[in-house]
1. Given the options Arg149, Arg192, name the one that is modelled with pLDDT under 85 and surrounded by 14 or more Cβ atoms within 10 Å (Cβ to Cβ).
2. Can you say whether Arg376 is at pLDDT 95 or above and surrounded by fewer than 19 Cβ atoms within 10 Å (Cβ to Cβ), as far as the supplied structure shows?
3. Restricting the search to the stretch 453-471, which residues are part of a strand (DSSP E or B) and more than 17 Å from the chain's Cα centre (by Cα)?
4. Going by the structure shown, is Arg476 open to solvent by 40 Å² or more (accessible area, probe 1.4 Å), out of contact with any helix residue (DSSP H, G or I) (no Cβ under 9 Å at 6 or more places or on another chain) and free of Cβ contacts under 8 Å to residues at least 12 places away in the same chain?
5. Answer with yes or no whether Ala209 is in a helix (DSSP H, G or I), loosely packed, with under 10 Cβ neighbours inside 10 Å and among the aliphatic types (A, V, I, L, M).
6. Based on what the data block shows, is Arg476 closer than 21 Å to Arg22 by Cβ, at pLDDT below 95, out of contact with any Phe, Trp or Tyr (no Cβ under 8 Å at 6 or more places or on another chain) and charged (D, E, K, R)?
7. So which residues in the stretch 538-560 are under 27 Å from Glu27 (Cβ atoms), open to solvent by 40 Å² or more (accessible area, probe 1.4 Å) and in contact with a helix residue (DSSP H, G or I) (Cβ under 8 Å, 6 or more places away or on another chain), if there are any at all?
8. Within the stretch 304-326, take every residue that is open to solvent by 30 Å² or more (accessible area, probe 1.4 Å) and either among the basic types (Lys, Arg) or under 26 Å from the mean Cα position of the chain (by Cα) (or both) and give me the one that is nearest to Ser273 (Cα to Cα).
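The values are calculated or read from the model by the stated rules, or taken from the named source; none is laboratory data. Computed from a predicted structure; not experimentally measured. A quick note on method: Cβ atoms are made from the backbone with ideal geometry, for glycine too, and the neighbour counts reach across all protein chains shown. For the accessible areas, the whole protein counts, side chains as well, though only heavy atoms, and no ligand, DNA or RNA atoms are used. Shrake-Rupley method; radii C 1.70, N 1.55, O 1.52, S 1.80 Å.
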Amino acid sequence: MAEVEPAVLAARLKLPAAALRRRYRAEDFADVPDAPDGDLGIVGQDRAVRAIRFGLRMRRPDYHLFLVGPTGTGKTSYITAEARAWARTEPVPSDWCFIANFDRPDRPRTIPVGAGRGRQFQRDVDTLVAHARELIRQAFDSDAYTHHRQELIHRYEDQQQALWGEALQKALGLGFTLKEAPTGGLVTIPLRPDGQPYRPQEFSELPDAVRQAFAERQRQLEEPLAAYTRRVRALGREAADELARFDQEVARHATEHLLDPLREAYAAEPEASRYFAAVLEDLCRHVDWVRGEDGADGLPRPVHPDLAERYRVHVLVDHYGQEGAPVVVETNPTYANLFGRIEYQSVNGTLITSPRLVKAGSIHLANGGYLILQARDLLNEPLAYLTLKRTLKQGWVRIENVPEPVGLGMYVPVTFQPDPIPVNLTVILIGTPEIFHMLYALDEDFRRIFKVKAEFEADMPATSENLAHLAHVVQRAAEREHWLPIRPGALARLAEYAAWLAEDQERLTTRIGELLSVLAEADAWARMESHAAVDYPDVDRAIAERRYRASGPEDRLTRLMAEGTLMVDTRGSVVGQVNGLAVLNFGDMAFGKPSRITARTYAGALGITNIERQTRQSGTLHTKGVLTLAAYFASRFAQDQPLTLGASIAFEQLYEEIDGDSASSAELYALLSALADAPIDQGIAVTGSVNQKGEVQPIGGVNQKIEGFFATCKAQGLTGRQGVIIPRRNVRQLMLSDEVVQAVEAGQFHIWAVDHVEEGISLLTGLPAGDPADAEADTVMGRAMRRLRHYSEVLRRQGSHANSRTEDGGRQDDPST
């Protein structure tokens, strides 16, 4: 490039104050109309909006959504509002109910009923049971029932008496009478010739032959009496069965008409309709539970203690009064909150449960609609993410507890497993890009399930439409939060803050939550000052106070530099030493920190040594930056001869790892200065990475870096010569504080923008950059080339001397030589 005098170059590269900050005026917002009615939507997120609208309408099992973007961009608020708006156009899904499983009581059945009809179904079953019980009691209390039942009983009693008569005649014919024992069996008693029974003493005094004859005849009675006993017992069972059938027929006849209106009302819900019939059938099979009358023996008949509970319907998912499909935002996605849980009660030291203790999870509540989850919260909960994937893949969910220890003194509860429920919902995960890329790279299921990615941008163009939308959002928030009126000046300062957060003069941040929190603080400051409205000074103070509250670490570092504990010079010139700039991030506060970078060169062939890398304090990006500057150095100085150079580069007073390549240009300047013996102005700090062509590339945190060095210069005293060299491609990102801009306007501080390291080295040293080919010129490159040739000559002489000593006696290894 053509040589330019350093002073002329400095004037040409210096940025005017107007280029250091984008200014918004109150007039820019004076003509903004009032916010329109209804939802304002979201601005600057066209790609995300299109993806979300597609995902909400793509109701397929493997098309779930993942919203990606920085925190504070309104992802949760927007997707919640958008999902609810779309859900209102969709049908309300079915209610889900638990009903009794009479064959497997430990496995209650789950059935769907019409949307919002679960409560009515529950009431109808309760009413059916109550009416049926009453009708059964009335039927059993009727004269007709009593008469017919007595007829059945008498008939069986007559048959039993006939059997008794046959058995008795058989016994009398063999000289015995019969008596029924308390145990239900028959006892044979021998008779005297006069037909009276023998007394035991009397029978024992009979001759042996007589007693032997009685024993022989008694044996002849054993089989007939056994047959009698069998026939009587069979007759009893037959009588009991016929009486039971009769009772059931009476109960059915009394209650079957109750099903007619229910069959009609639940014609579209066959499972519910069948349950009504099953309830009546079970009641008829267990009429003794509801008869409420005394038995023939005078003892009360058994009554089931939980008859109402046995048949009760438990509504698991109730959509009564709901419009459209459900939208559930689960803020605490534990396993139980997502997939439901089974609660237990302790009864006499044993854990028991029932359908009424089964609780639905968010999956059940959102079934047929949309479930919104924060990805980080979901991943932090054991088994939650894995179970969610399995549920979405298999298409059904079963309520079961996570295995957990049972309390001391408790028995392990009997297995209780409700039927699974089919699921048809859209899951919407919200997370950062890091979480999305981690899951996409490591989890194959994630790629197949979450196919719709909606990416939210961190910033948006600063167009008039976007500025108007920002004003509308502020107006709506002011009305909602009852803030003081927001003046156009306040909006102008807020827009500048939005550009500062975006680090771009032509863009605005989309972190609307951050902007509204600043306005909330501005409203508080305005009220403390008894202002009638929030204006530019109030917002400016809110930003300044917020920064001050978090600037403790920055102030401590600045003080240490001013005291000389941290060695950073802002005056004078030093060979091989330059002030580099880095950004320290303390979470709520990021600020620039100058660091002294030094370089030393010497004759040798070791090349450039990165001291931080040798001490394992260099990150991969920083190491790459050093290797890149070494490549540039070799391309400039090793075209006609080998690069015979030993050099070291270090960050002084560095006690933590350093990463990033934004200091590579500063390291190159220090190296060139040391090699050319050209002092560097210590009042000028440098930032920017360098490529192998020597081009200075843009970096991040340019505003914090400039403001950090300005604070250091201010603490040590401004001289009017201090400033910062930045990459020209970073000029658009400049949104410097008013204090720095005013200092530049007053000529106390300067900002230079460069495209190439040769421009930078000329600014720092006050010498022309020059060309290595012109080694005799008094330029930085000329001096550097002369020094490299000197190093090469030194190494050549040392090599020649070593060779001559070897030829003279070969005693180079002898210590005495």
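1. After ruling out the rest, the residue left standing is Arg149.
2. So Arg376 passes the test.
3. Asp459, Met460, Pro461, listed by residue number.
4. no
5. The answer is yes for Ala209.
6. In short, no.
7. If the condition is that a residue be under 27 Å from Glu27 (Cβ atoms), open to solvent by 40 Å² or more (accessible area, probe 1.4 Å) and in contact with a helix residue (DSSP H, G or I) (Cβ under 8 Å, 6 or more places away or on another chain), then Asp540, Arg541, Glu545, Arg546 are the ones that fit.
8. So, considering only residues that are open to solvent by 30 Å² or more (accessible area, probe 1.4 Å) and either among the basic types (Lys, Arg) or under 26 Å from the mean Cα position of the chain (by Cα) (or both), the one nearest to Ser273 (Cα to Cα) is Arg312.
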